[in-house]
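Enquirer: One structure coming up, written as structure tokens, with questions to follow.
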Amino acid sequence: MNDHNTEKAMNSIAENAPRKNPFFEPYHTPHDTAPFDRIRMEDFEEAFMEGIRRDNEQINKTINNPEKPTFDNTIIDKEDDREGYYDLLDRVSTVFFNLLSAETNDEMDALAQKMQPILTKHANDVRLNKQLFERIKAVHLHHRRLTPEEKMLLDNCYDGFVRSGALLNDAGKEHLRQLTEEASMLSLQFSQNLLKENKAFTLHITDEKLLDGLPETAREAAAQNAKEHDKEGWVFTLDQPSYGPFMTYSTQRELRRQMYMAKNQVCIHDNAENNLEICKRLVNLRREIAQLLGFRTYADYVLKHRMASNVRNVYRLLDQLIDAYKPSAENEVEALEKLFRKDYSSHRPTGNRSHRPTDNAQPDFAPWDFAFYSHKLQLKKYNIDSEMLRPYFELSRVIDGVFGLANRLYGITFKENKDIPVYHPDVKAYEVFDRDGSFLAVFYADFHPRKGKQGGAWMTEYQGQYISKKGENVRPHVSVVMNLTKPTADKPALLTLGEVETFLHEFGHSLHGMFANTRFESLSGTNVWWDFVELPSQFMENYAVEKEFLRTFAFHYQTGEPLPDELIDRIRKSRNFMAAYGCLRQVSFGLLDMAYYTKKEAFDDDIIAFEKHAWQRAMVTKQLPDTCMTVQFSHIMAGGYAAGYYSYKWAEVLDADAFSVFKKEGIFNPQTAQRFRDCILSKGGTEHPMALYKRFRGSEPTIDALLKRNGIKRKTKKA
């Protein structure tokens, strides 16, 4: 047979060979990255079920081991074994649930509904396995000569089983199964409802006059949205790059009202996507779970493993912030209302006169006026707004700037590798190399909104870091997912300063993942307590207003001119514009979260009324009776922040305190950065977070650096 015929025959055999599920074999991709280009929908369910089978097989092997339980044969038997067999469940779950947030469709949603109860039942089967727990308990009671990291893993493992009901009697375990399985399904339903509702609304404009006030970038983006929706004119959506500019710049007050109400009435309509009863039930389920496990409230259950440690300390922080920031926040809002009243009393209202009351009565300042008049006041005080800065924040240059910052601080470099498969053309994949040229991580970046993508921004992993039995340091595959301004037919993606901050925030999380250097995957990277995990991300936001950083990438996308010093000075001067209001807004979310999860009795209140009362202490603006935040508050209903939303403010205290060290020693000081990397970023959850922080800082943090950064002075108490 000649060579040509041989090749033809081999190809025919390959084509007729049964297709293998890509999850069942080595990926054979750069750095063993997920083979998105080969994965089909039917692969997921098959891999889930086989993964569960293999998991059960390994558990049976562990519990039937005739040898005395030891750390090696009980705790790290699975953690250390990376031969591609029983970690299949983790492998497929990671890909599936990451895509469910970033690139879902009706088929994936349906499969998630099918698999969620199966996966939750399996997780319960593991955690409530009496024989497995007895082995773990024996190791926990009689272990000897463990390293601090091994001791942390053992404690986490034991406590994880206890907190999952291992000490309950059979009736208690069965009840816990029912509660957790229901909560799991409702969390999924909450997220799916929210995505559908957010994507369902569009504001379609065909009269160009109604675009009055909107900058060219917003108009072009809306025109592109219209094309994507097969419509003429302009389409505005509830995705942030569309919604935010409309609320900030549109002079059409009635249309702003429509957009605002659409955004704030998501998931309270009388339809299949209503989340009101789902939220109520989730609050009750979590309370019941906590009380079944011996805690008074769900917050008490959660805070046992947080830096705050108890409800009292959370409220102490929130109360301190209200006391410090509320007077300034009230002044900020009064300034907006004053500008609004002046607009109307001068008989020169901004916007379409046809929307003014016919009796010439002055309307009340409303929530849909807030962003519009904030923009006007910022222009008046500082002569600056986000549109002035957009031309200097072209996405490719921002990417270079953020990567350059990481290089300057830590010596790492990024190189795009188009051979690494991605799950959508918008996604870019990079190889990351350490200062010495060694491979550090894979970094995925997914920048723009689209139909199957949840709103917001987040960091996740497709592979965590760990050190194998053979001593190989297996490096992580981290991903940041955002909803930044899209490019148009005429312009590249031009970001706002706020979007640059979002990028820096998520990139900070990714550094936490990329620098991971621990033995066990479950302790690596961002596997830390929730009120510590936001420190690396919020820390990076500090650089957004630093002149030395802006000088490295902020060039006009057409002329190449650098961002003028005058504009940078105005950015810095305006940094604390509405800062007090912004702080109280975050505090209000923390109060709402704690109000739900400190409930001791069954919760049957009206969600909307309860919400208004719960956060009233932090409110400085008028509340509308027919709007609701809770039903779209993914963080506390479906995102792992239940009884933990305060973490953002807790970590902000840490980040301001940490950055004050850099301000003192040099914001690009490589020695300070290396200390931050060694003490915090590389350590994951191997030690108590306060021990890590004190090792970097030399002392515990105080609120003082945050107040100083925001220009807030403490009230002096009279003697």
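Enquirer: Of all the residues that make up segment 162-196, how many are assigned to a loop (DSSP other than H, G, I, E, B) and under 28 Å from LEU99 (Cβ atoms)?
Expert: Final tally of qualifying residues: 1.
Enquirer: Report whether or not ARG91 is open to solvent by 40 Å² or more (accessible area, probe 1.4 Å), farther than 30 Å from LEU282 by Cβ and either modelled with pLDDT under 95 or charged (D, E, K, R) (or both).
Expert: No: the conditions fail for ARG91.
Enquirer: Do you know which of the residues in segment 334-373 that are at pLDDT 90 or above and open to solvent by 80 Å² or more (accessible area, probe 1.4 Å) is farthest from the chain's Cα centre (by Cα)?
Expert: LYS342
Enquirer: Can you go through ASP655, ASP569 and tell me which one is surrounded by fewer than 16 Cβ atoms within 10 Å (Cβ to Cβ), part of a helix (DSSP H, G or I) and acidic (Asp, Glu)?
Expert: Details: ASP655 fails: surrounded by fewer than 16 Cβ atoms within 10 Å (Cβ to Cβ).
Step by step, each of ASP655, ASP569 is checked, and only ASP569 is surrounded by fewer than 16 Cβ atoms within 10 Å (Cβ to Cβ), part of a helix (DSSP H, G or I) and acidic (Asp, Glu).
Enquirer: Any residue in segment 501-522 that is part of a helix (DSSP H, G or I), open to solvent by 20 Å² or more (accessible area, probe 1.4 Å) and in contact with a helix residue (DSSP H, G or I) (Cβ under 6 Å, 6 or more places away or on another chain)? Break it down stepwise before answering.
Expert: First, the residues of segment 501-522 that are part of a helix (DSSP H, G or I): 501-514, 521-522.
Pick out the ones that are also open to solvent by 20 Å² or more (accessible area, probe 1.4 Å) and you get 501-502, 505, 521-522.
From what's left, in contact with a helix residue (DSSP H, G or I) (Cβ under 6 Å, 6 or more places away or on another chain): 501, 505.
Yes, segment 501-522 contains a residue that is part of a helix (DSSP H, G or I), open to solvent by 20 Å² or more (accessible area, probe 1.4 Å) and in contact with a helix residue (DSSP H, G or I) (Cβ under 6 Å, 6 or more places away or on another chain).
So that you can scan it fast, the table gives a plain yes or no per residue for (1) open to solvent by 70 Å² or more (accessible area, probe 1.4 Å); (2) among the β-branched types (Val, Ile, Thr); (3) in contact with a helix residue (DSSP H, G or I) (Cβ under 8 Å, 6 or more places away or on another chain); (4) within 24 Å of PHE503 (Cβ to Cβ):
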residue: HIS229; (1), (2), (3), (4): yes, no, no, no
residue: SER242; (1), (2), (3), (4): no, no, yes, yes
residue: MET247; (1), (2), (3), (4): no, no, yes, yes
residue: GLU254; (1), (2), (3), (4): no, no, yes, no
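Enquirer: Now for a separate question. Condition first: in a helix (DSSP H, G or I) and crowded, with 18+ Cβ neighbours inside 10 Å. Now tell me which residues in segment 676-695 satisfy that.
Expert: PHE676, ARG677, ILE680, LEU681, PRO689, LEU692, TYR693 - these are the residues of segment 676-695 that are in a helix (DSSP H, G or I) and crowded, with 18+ Cβ neighbours inside 10 Å.
Enquirer: Please go through segment 374-387 and give me each residue that is within 28 Å of the chain's Cα centre (by Cα) and assigned to a helix (DSSP H, G or I), ordered by number. Outline the logic, then answer.
Expert: Our first condition is that a residue be within 28 Å of the chain's Cα centre (by Cα); within segment 374-387, this holds for 374-375, 385-387.
SER374, HIS375, SER386, GLU387, listed by residue number.
Enquirer: Does LYS622 qualify as being out of contact with any Phe, Trp or Tyr (no Cβ under 7 Å at 6 or more places or on another chain), of a type outside the set (Phe, Trp, Tyr) and not in a helix (DSSP H, G or I)?
Expert: Criteria met by LYS622.
Enquirer: Just give me the residues in segment 417-451 being among the acidic types (Asp, Glu) and either closer than 26 Å to THR518 by Cα or assigned to a loop (DSSP other than H, G, I, E, B) (or both), in sequence order. Spell out the reasoning first.
Expert: Within segment 417-451, the subset among the acidic types (Asp, Glu) is 419, 426, 431, 434, 436, 446.
ASP419, ASP426, GLU431, ASP434, ASP436 - these are the residues of segment 417-451 that are among the acidic types (Asp, Glu) and either closer than 26 Å to THR518 by Cα or assigned to a loop (DSSP other than H, G, I, E, B) (or both).
Enquirer: Go through segment 396-407 residue by residue and tally those that are surrounded by fewer than 17 Cβ atoms within 10 Å (Cβ to Cβ) and out of contact with any Ser or Thr (no Cβ under 7 Å at 6 or more places or on another chain).
Expert: Number satisfying all stated conditions: 2.
Enquirer: Also: Which one of ARG145, ARG135 is of a type outside the set (Gly, Ala, Ser), open to solvent by 50 Å² or more (accessible area, probe 1.4 Å) and either in a helix (DSSP H, G or I) or out of contact with any Gly (no Cβ under 7 Å at 6 or more places or on another chain) (or both)?
Expert: ARG145
Enquirer: Scan segment 202-225 and tell me whether some residue there is surrounded by 16 or more Cβ atoms within 10 Å (Cβ to Cβ), outside any helix (DSSP H, G or I), at positive phi and not aromatic (Phe, Trp, Tyr).
Expert: Yes, segment 202-225 contains a residue that is surrounded by 16 or more Cβ atoms within 10 Å (Cβ to Cβ), outside any helix (DSSP H, G or I), at positive phi and not aromatic (Phe, Trp, Tyr).
Enquirer: Something else now. Out of segment 590-628, which residues are under 29 Å from LEU292 (Cα atoms), of a type in the set (A, V, I, L, M, F, W, C) and either surrounded by 16 or more Cβ atoms within 10 Å (Cβ to Cβ) or at pLDDT below 95 (or both)?
Expert: LEU591, LEU592, MET594, ALA595, PHE603, ILE607, ILE608, PHE610, ALA614, TRP615 - these are the residues of segment 590-628 that are under 29 Å from LEU292 (Cα atoms), of a type in the set (A, V, I, L, M, F, W, C) and either surrounded by 16 or more Cβ atoms within 10 Å (Cβ to Cβ) or at pLDDT below 95 (or both).
Enquirer: Picking from LYS470, LYS451, LYS486, which residue would you name as being more than 21 Å from GLU416 (Cβ to Cβ), open to solvent by 40 Å² or more (accessible area, probe 1.4 Å), over 17 Å from the mean Cα position of the chain (by Cα) and in contact (Cβ under 8 Å) with a residue 40 or more places away in the chain?
Expert: Only one candidate qualifies: LYS451.
Enquirer: If you don't mind, another one. Can we say LEU707 is within 26 Å of SER574 (Cβ to Cβ), assigned to a helix (DSSP H, G or I), within 23 Å of the chain's Cα centre (by Cα) and in contact (Cβ under 8 Å) with a residue 40 or more places away in the chain?
Expert: Spelling it out, it is not the case that LEU707 is within 26 Å of SER574 (Cβ to Cβ), assigned to a helix (DSSP H, G or I), within 23 Å of the chain's Cα centre (by Cα) and in contact (Cβ under 8 Å) with a residue 40 or more places away in the chain.
The values are calculated or read from the model by the stated rules, or taken from the named source; none is laboratory data. Nothing here was measured: the structure is a model prediction, and the numbers come from that model. We place every Cβ from the backbone using ideal geometry, glycine too, and count neighbours over all the protein chains shown. Areas reflect the complete protein model, heavy atoms only, side chains present, ligands, DNA and RNA absent. Shrake-Rupley method; radii C 1.70, N 1.55, O 1.52, S 1.80 Å.
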